[in-house]
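Contents: one structure, followed by commentary.
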Amino acid sequence: MKESLVRNVFSNVASNYDVMNDAMSMGIHRLWKDHFIHKMAPAPGAKLLDVAGGTGDIAQRFLEYQDSTNGDSTSSVHMVDINPDMLREGERRFADSKWQQQNRIDFTVGNAEKLEFIEDNSFDVYTIAFGIRNCTHPDQVVREAYRVLKPGGRFMCLEFSRVSNLVLAAIYDMHSFYVIPKLGELIANDRQSYEYL
């Protein structure tokens, strides 16, 4: 049930996903993702598995970091997303990129809970950014991540959490339940999907 709901919601929002992320977070998601990559500090030649990779913004930041910080042209990304529409947006992002031309990025439609198409111990870093909350069985996601990571590999999850401060929680709830759906209605002509997101 949740899997089909998530698939439908993300099919509906795929073409507006990046624009809506900017609107919903007032651009702050970009800072979070930049910080995420800098905390990762991947080594040259690292192989990244980016699960729930969607439109490819984590993959792009990873490859940019590798090129600019490490002077590395050998690291690679395998993007996986359960939603083919989201993955197509990622493929569009990289279509004319040097990374695509160098075969440093590839794409697979797949479920984070069942990565049977990926060998054991094959990746240095596994990322899932704002995706684990959409999985039916997060424990299976983590088990699969452990299986596909090389010994000493890194699991990195970027996700929202609960707000414990009551005042901030009220502001967060108002933003989540009223502002975001209204933005979805105005920008993407899709209030219902953004009521879920």
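Quick notes on this one:
- Checklist (1) assigned to a helix (DSSP H, G or I); (2) open to solvent by 30 Å² or more (accessible area, probe 1.4 Å); (3) over 30 Å from Asp67 (Cα atoms) applied to Val163, failing item: (1)
- Residue ID - farthest from Ile37 (Cα to Cα), chosen from residues in region 110-150 that are of a type in the set (Ser, Thr, Tyr) and surrounded by fewer than 19 Cβ atoms within 10 Å (Cβ to Cβ): Thr136
- Which listed residue, of Asp106, Asp96, Asp67, is in a strand (DSSP E or B) and either surrounded by fewer than 17 Cβ atoms within 10 Å (Cβ to Cβ) or in contact with a Gly (Cβ under 8 Å, 6 or more places away or on another chain) (or both): Asp106
- Pairs, first without any contact (Cβ under 8 Å) to a residue 40 or more places away in the chain in region 152-168, second hydroxyl-bearing (Ser, Thr, Tyr) and open to solvent by 80 Å² or more (accessible area, probe 1.4 Å), C-beta under 8 Å, six or more apart: Phe155/Tyr146; Val163/Tyr172
The values are calculated or read from the model by the stated rules, or taken from the named source; none is laboratory data. Predicted model, so just to flag it, every value in this text is computed and none were measured. Here the Cβ is made from the backbone with ideal geometry for all residues, glycine too, and neighbour counts use every protein chain on show. SASA here: full protein model, heavy atoms, side chains in, ligands and nucleic acids out. Shrake-Rupley method; radii C 1.70, N 1.55, O 1.52, S 1.80 Å.
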